[in-house]
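Data first, discussion second: the structure below is written as structure tokens.
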Amino acid sequence: MSLMSFGGKSLDLSRPQVMGILNVTPDSFSDGGSFSSLDASLKQTEKMILEGASIIDVGGESTRPGAAPVSLQQELDRVVPVIEAIKQRFDIVVSVDTSSAEVMRQGAALGVGLINDVRALEREGALEVAAQTQLPVCLMHMKGGPQTMQDQPNYVSVADEVTRYLMSRVEACEAVGIARTQLLLDPGIGFGKSLEHNLSLLKHTQHFRELGFEVLIGVSRKTMIGDVLDLPVDERLYGTMGANAACYGKGARIFRVHDVKAHVQMLELMYRIERES
């Protein structure tokens, strides 16, 4: 058993854990606007928990390609009431999907268990605040920013470059007192990568695991699945499951998804087969 504490609630990362996506934004690529009211957010949270999610990831900034930036106050207005309401009603690990130090600070005060940052704590103050919270952090790789990241991304070796970047952020975390055991790595599928880059990173998932870190995969309904299968965003469940199944076989244990029930069932069966003598 490999237990990791997420703000007082432990999860066993020797088995798969499903992170349900709760975007409280008007413009996320798949479900923008669907859960922007508090009532809708709570209903979706309850649904995902009943379906087996062990983490709810609350985000108030769309980071889809081309997304417009949001102000700090906009982000706080979106996520703080939702986090507060979820923590009052449900016994669940809440992750805050943010790059802003103040959102991290307020989220921690409300009881979130994980900081999930697509910018790997690069924004001003984020490293220091994350260290103060003593919470685990997921560090993700993104080349460029949401406005420009898909404008002809280029790498000599995508796996090597993503690894070097993430390890440099690990070192930055250690320098402010965040232990390696508190860090998760996310290769950043779709964040400044072409289809070939994404496929290569998924193929090399085990490499990140071999560096000694738990791996979080966020590929749910993304463009790469549509590119491979020629499908619109609302028809990408089976492709998402295929990608996540491949990553589970390569050592990933946390899966950030829109479709919780299907993934919980698939991953539970894979886990049971794997551990059978």
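The values are calculated or read from the model by the stated rules, or taken from the named source; none is laboratory data. Note that the structure is predicted; figures quoted are calculated from it, not measured. So basically every Cβ, Gly included, is an ideal-geometry build from the backbone, and we count neighbours across all protein chains shown.
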Given (1) touching a residue at least 40 places away in the same chain (Cβ under 8 Å); (2) surrounded by fewer than 20 Cβ atoms within 10 Å (Cβ to Cβ); (3) closer than 28 Å to residue 128 by Cβ; (4) small (Gly, Ala, Ser), number of the condition residue 168 does not satisfy: (1)
Failed item in (1) modelled with pLDDT under 95; (2) touching a helix residue (DSSP H, G or I) at 6+ places or on another chain (Cβ under 6 Å), with residue 84 passing the rest: (1)
Boolean, residue 108 is of a type outside the set (Ser, Thr, Tyr), touching a Leu at 6+ places or on another chain (Cβ under 8 Å), surrounded by fewer than 24 Cβ atoms within 10 Å (Cβ to Cβ) and closer than 23 Å to residue 71 by Cβ: yes
Selection within the range 62-89 - surrounded by 13 or more Cβ atoms within 10 Å (Cβ to Cβ) and charged (D, E, K, R): 64, 75, 77, 78, 84, 87
Hey, residue 99 under 18 Å from residue 55 (Cα atoms) and either buried (at least 19 other Cβ atoms within 10 Å of the Cβ) or β-branched (Val, Ile, Thr) (or both) or not: no
Search result, residues across the range 1-50 that are exposed (fewer than 15 other Cβ atoms within 10 Å of the Cβ), on the phi > 0 side of the Ramachandran plot and at pLDDT 85 or above: 8
Meets criteria (over 20 Å from residue 62 (Cβ atoms), touching a residue at least 12 places away in the same chain (Cβ under 8 Å) and surrounded by fewer than 16 Cβ atoms within 10 Å (Cβ to Cβ)) for residue 239: no
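If only one of 268, 276 is modelled with pLDDT under 95, of a type in the set (D, E, K, R) and out of contact with any helix residue (DSSP H, G or I) (no Cβ under 7 Å at 6 or more places or on another chain), which one is it?
It is 276.
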Residues of the range 171-189 that turn out to be of a type in the set (Gly, Ala, Ser) and surrounded by 23 or more Cβ atoms within 10 Å (Cβ to Cβ), as a count: 1
Single match in 195, 211 (criterion: in contact with a strand residue (DSSP E or B) (Cβ under 9 Å, 6 or more places away or on another chain) and surrounded by fewer than 22 Cβ atoms within 10 Å (Cβ to Cβ)): 211
Members of the range 83-96 found to be closer than 10 Å to residue 59 by Cα and touching a residue at least 60 places away in the same chain (Cβ under 8 Å), listed by number: 95
Hits in the range 237-260 (condition: among the hydrophobic types (A, V, I, L, M, F, W, C) and assigned to a loop (DSSP other than H, G, I, E, B)): 252
